[in-house]
Amino acid sequence: MRLIHVSVVWLWLCLLSGCATTAYQHFEVSGLAGAPAKHTRPGLLLMGGGEWPPPAVAWFAEQAGHGRLVILRAAGTTEVQDDFVQGNFGFSSIETLIFHSRSAASDPIVLARLRQADAIFIGGGDQSKYVRAWQHTPLSRLLEEHVAAGKPLGGTSAGLAILGAYSYGAMDGGSVLSRTALRAPYGTQVTLVENFLHLPHLSAVITDSHFAIRQRLGRLITFVARLSQQHHDPAIVGLGVDEQAALCVEADGTAHLYTNTGGYAWLVRAPRTLTRVAPNAPLSVSDVSITGIDVDSTLDLNTMSVLHPAFQWAATVTAGKLLTTRVEML
């Protein structure tokens with residue numbers, strides 16, 4: 001029988017200061033067989049939320065050499081850890097760190113556990129908590145070092161939202177709807193974050209999750225249009241991932257989709273000629289390219305091209321109203 005036990009560090013801190021003020025909690029699984037990985041391979045697991053596609057997680061475990069997995073969260077308890085255990089993906093050890101304070105992102109014990117990880121996975125929840133707890137800390141730098149060392153990193157839902165060079169931070173405590181973002185691209189609810197993580201293949205990407213089911217195309221178009229203008233860079237793209245779907249990004253920047261339900265990943269590109277996004281007006285932009293990625297597609301994040309796309313759309317936004325048309329593919 002596998003048992004979940006709580007770190008002595010956490011119990012000791014609780015006794016001293018009360019659990020409400022504890023900087024972090026630590027849980028780990030007892031009874032797993034195996035040893036730390038002898039070899040790991042780079043990889044990014046980009047999951048859209050909801051139930052995981054098992055082949056994608058199996059790929060993640062393979063990239064980690066079936067070694068030590070560390071899960072990072074900012075709320076909840078061991079739900080994500082339990083999912084990994086029940087999936088029986090073959091990790092030699094699984095543990096969870098739950099952050100309650102920014103100070104934990106500089107804690108030597110926390111950082112030591114992360115340095116020992118063969119794979120790191122960031123759970124869902126509220127991405128603003130990750131931004132506030134980790135941005136410009138030793139932990140965020142360590143995540144980049146982990147990837148640079150040839151080890152896989154993954155995230156789902158909020159954990160996906162923070163992996164791009166640009167992020168929708170949800171810093172106002174809500175989750176902006178597409179219609180709101182389209183009507184007010186510089187409104188207080190469109191809280192975009194930069195300089196959080198700098199990962200290979202995602203240097204010009206903003207990600208989004210739960211994509212189709214929560215109708216997030218309009219807001220991702222808004223994010224891309226605004227960022228492209230602010231940085232004078234039409235190469236900035238949006239990458240949305242549906243629920244129960246995951247993109248597995250290889251070391252060379254190519255990515256393949258796994259899905260439980262026939263979902264997609266969505267590549268959103270701004271027009272080559274930048275359109276001015278007015279601070280106090282609804283969004284108006286034309287010639288936005290939207291490419292669907294399914295299980296038969298290959299996304300190349302180096303060139304932002306898709307081999308065997310599922311569909312190709314063109315989008316126009318006029319005074320905050322979104323219209324998409326299907327483009328015939330040869």
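The values are calculated or read from the model by the stated rules, or taken from the named source; none is laboratory data. Keep in mind it's a predicted model, so treat the numbers as computed, not measured. Ideal geometry is used to build each Cβ from the backbone, glycine not excepted, and the neighbour counts take in all protein chains shown.
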For the stretch 222-236, indicate whether the set of residues that are assigned to a strand (DSSP E or B) and over 13 Å from Pro185 (Cβ atoms) is non-empty.
no
Residue match in the stretch 308-317 (condition: of a type in the set (Val, Ile, Thr), in contact with a helix residue (DSSP H, G or I) (Cβ under 8 Å, 6 or more places away or on another chain) and surrounded by 16 or more Cβ atoms within 10 Å (Cβ to Cβ))
yes
Do we have any residue at all in the stretch 291-300 that's out of contact with any strand residue (DSSP E or B) (no Cβ under 8 Å at 6 or more places or on another chain) and at pLDDT 95 or above?
yes
Residue satisfying condition, being part of a helix (DSSP H, G or I) and either closer than 27 Å to Ala245 by Cβ or modelled with pLDDT of 70 or more (or both), within set Glu62, Glu28
Glu62
Where in the stretch 91-206 are there helices (runs of 4 or more DSSP H), lying fully within it, with 2 or more residues that are within 15 Å of the chain's Cα centre (by Cα) and outside the structural domain of Val80 (by TED's automatic domain parsing)?
158-161
Restricting attention to the stretch 91-110, which residues are buried (at least 17 other Cβ atoms within 10 Å of the Cβ) and either of a type in the set (A, V, I, L, M, F, W, C) or at pLDDT below 95 (or both)?
Phe91, Ser92, Ser93, Ile94, Leu97, Ile98, Phe99, Ala104, Ala105, Val110
Could you tell me whether Ser178 is at pLDDT 95 or above, in contact with a helix residue (DSSP H, G or I) (Cβ under 8 Å, 6 or more places away or on another chain) and closer than 28 Å to Ile221 by Cβ?
yes
Sort through Leu299, Leu283 and tell me the only one that's part of a strand (DSSP E or B) and either over 17 Å from Phe223 (Cβ atoms) or assigned by TED's automatic domain parsing to the domain that holds Arg219 (or both).
Leu299
Considering only the stretch 31-50, state which residues are part of a loop (DSSP other than H, G, I, E, B), modelled with pLDDT of 85 or more and either surrounded by 14 or more Cβ atoms within 10 Å (Cβ to Cβ) or among the hydrophobic types (A, V, I, L, M, F, W, C) (or both).
Thr40, Arg41, Pro42, Gly43, Gly48, Gly49, Gly50
Is it the case, given these coordinates, that Val57 is hydrophobic (A, V, I, L, M, F, W, C) and either assigned to a strand (DSSP E or B) or in the same structural domain as Val147 (by TED's automatic domain parsing) (or both)?
no
